[in-house]
Amino acid sequence: MCGIFGIYGHPDAAEITHLGLYSLQHRGQESAGIVTCGIGSSPRATRTMGLVSEGLKVGEIADMHGDVAIGHTRYSTAGSSTIENAQPMLARFRDGHIALGHNGNLINATEMRRELEDAGSIFTSTMDSEVLLHRIAKSNADSPEAKLADALQNVEGAYSLVVVIGDTLLVARDPRGWRPLVMGKLGDSYVFASESCALDIVGAVAIREIERGEIVAVDRNGMRSSKPLPPLEGRQCVFEYVYFARPDSRVFGGSVDRARRALGRRLAIEHPAPGAEMVFSVPDSSNSAALGFAEESKLPFELALIRNHYVGRTFIQPTQAGRDAKVKVKYNAVTEVLKGRSVVMVDDSIVRGTTTKGLVAMVRAAGAREVHMRVSSSPITGPCYYGIDTPNREELIAANMSVDEIAATLGVDSLGYLSLDGMLEAVPFGPDGFCHACFSGDYPTPPPADPEKLRFGCGC
Ligand code: 5GP
Ligand code: SF4
Ligand code: MG
């Protein structure tokens, strides 16, 4: 998964992009980067492995003087975690330069890459996104937006893009609109970001979302919008509301906080927990849903698990002892809150079940009398091909066990997942227009030719 940011026409474009990336860190922690160009600078790039706060150097960014900038934060699996795969990419071609940052996954990247390689193209990364650079460079169209439109014809899959061609900033969203992208203004400058929380941090005012299938170009003549791609049915990712986006953001036209609370309330209606004395979340991703559950069931919301914020997602231990310690390094239980009580533990999702199992054991060890687990999404039964790094079907607990079997494996007294209908009715967009493939099996595209390669060699 990834976060993208872009700004046009600001003397501090690189610094503002740097700030914006702080608010997109949750969308990707493996690498980060900024490219600048425009007035005052030839194109320059800085990229780093790791976090925005640790890897990107303030001094270097202060020397990036162009008034156009794009930025990227990236999360992927370990196999493709290399600096060659950090974005934004920057390349030179006959008409100048192209820079590109991508959030999503291209379903037919393998085929497109083979075609390009057969014709002599060489690649510097293993990312699906790099095929877009080649396709833009090959286009004979005369305007930057026509070049991008050319490049995107017949590209299947999920993309929200920030692109620079020459001194034109472009953004685009695929016709199904899998990933969010919002437009704002900071004074006279146009700003684009995956989520509105990245506009807030730079002081920009949100104007509107980029529409599905829309390309927006900004240059010295102003802003232009076009919709050159064949329209398709909307498939915005419901998991953005469930887990991925930040609760202080608005995505897909709705508030993430309000969506999560509605999911939690609906969960309390579908799966009440009679006799329970209080509700707690698995911080931070399920905080809002747990609040919704507590509000609806008129139970107190307690802080029963404390999360260590200094442990990244990349804490990986090769030994069994280390793996067992992983949950304890990230979370600890508050005995005084849990001892002797019947409790509801709310989480937003269960993927493999390994973290959850450890947490249930921890909550029991702290003295909870009964543990009722409630999940504010449906069981995840299939992988995502559209930009979220869920594991293969074999590793997904709900793809291989019934709810009763999962409850027994986790060691809970009861387990309730939100129904598919309940989940889709609770989110602001309504039941239509969403992708829910990993929950329902209703995939809007055929699976990619090489799903493994997609996981280990993709842009996001
Ligand atoms: P599990 O019990 O399946 O090992 O972990 C469940 C936890 O993983 C939940 O707290 C949920 O918020 C979190 N989660 C859900 N999706 C993702 C994801 O794509 N990446 C990561 N790192 N965590 C996730
Ligand atoms: Fe989102 Fe799941 Fe669809 Fe992937 S498969 S885009 S995670 S709803
Ligand atoms: Mg979580």
Exercise for the section: Please give the strands (runs of 3 or more DSSP E) falling wholly within the range 1-50 in which 1 or more residues are of a type in the set (Phe, Trp, Tyr) and crowded, with 21+ Cβ neighbours inside 10 Å. Expected result: 2-8
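The rows are residues; the columns are (1) touching a residue at least 24 places away in the same chain (Cβ under 8 Å); (2) surrounded by 24 or more Cβ atoms within 10 Å (Cβ to Cβ); (3) of a type outside the set (A, V, I, L, M).
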position	(1), (2), (3)
VAL171	yes, yes, no
GLY177	yes, yes, yes
CYS197	yes, no, yes
ALA206	yes, no, no
PRO230	yes, no, yes
Exercise for the section: Give the residue that is farthest from THR82 (Cα to Cα), with candidates limited to residues of the range 10-34 that are charged (D, E, K, R) and more than 14 Å from the chain's Cα centre (by Cα). Expected result: ASP12
Practice task
State all residues of the range 243-293 that are among the hydroxyl-bearing types (Ser, Thr, Tyr) and not in a loop (DSSP other than H, G, I, E, B); if no residue qualifies, say none.
Solution key: TYR243, SER255, SER281, SER288
Problem - Counted residues, the range 365-380 - those being buried (at least 20 other Cβ atoms within 10 Å of the Cβ) and of a type in the set (D, E, K, R) - result: 1
Handout entry: Candidates GLY422, GLY411 - the one that is of a type outside the set (A, V, I, L, M, F, W, C), within 29 Å of ARG364 (Cα to Cα) and either assigned by TED's automatic domain parsing to the domain that holds VAL346 or surrounded by fewer than 14 Cβ atoms within 10 Å (Cβ to Cβ) (or both)
Key = GLY411
Practice task
Report, by residue number, each residue of the range 265-287 that is closer than 21 Å to ALA333 by Cβ, within 24 Å of the chain's Cα centre (by Cα) and either away from ligand 2 (no atom under 16 Å from the Cβ) or of a type in the set (Phe, Trp, Tyr) (or both).
Solution key: SER281, VAL282, PRO283, ASP284, SER286, ASN287
Practice task
Report yes if some residue within the range 391-405 is hydroxyl-bearing (Ser, Thr, Tyr) and either within 16 Å of ligand 2 (Cβ to nearest atom) or in contact with a helix residue (DSSP H, G or I) (Cβ under 8 Å, 6 or more places away or on another chain) (or both); otherwise report no.
Solution key: no
Exercise for the section: Name the single residue, out of those in the range 335-351 being assigned to a loop (DSSP other than H, G, I, E, B) and more than 24 Å from GLU270 (Cβ to Cβ), that is farthest from ligand 3 (Cβ to nearest atom). Expected result: GLY340
Handout entry: Conditions (1) assigned to a strand (DSSP E or B); (2) within 20 Å of PHE5 (Cα to Cα): number failed by GLY66
Key = (1)
Practice task
Take PHE244 and decide whether it is in contact (Cβ under 8 Å) with a residue 12 or more places away in the chain, within 16 Å of ligand 3 (Cβ to nearest atom), more than 24 Å from the chain's Cα centre (by Cα) and in the same structural domain as LEU415 (by TED's automatic domain parsing).
Solution key: no
Practice task
Among what's in the range 373-391 and is within 14 Å of ligand 3 (Cβ to nearest atom) and over 19 Å from SER281 (Cα atoms), pick the residue that is modelled with the lowest pLDDT.
Solution key: THR390
Practice task
Can you tell me which residue among GLY422, GLY411, GLY387, GLY382 is within 13 Å of ligand 2 (Cβ to nearest atom) and more than 11 Å from CYS438 (Cα to Cα)?
Solution key: GLY387
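The values are calculated or read from the model by the stated rules, or taken from the named source; none is laboratory data. Small disclaimer: the values here were computed from a predicted structure and weren't measured. Neighbour counts are summed over all protein chains in view; Cβ atoms, including those assigned to glycine, are modelled from backbone coordinates with ideal geometry.
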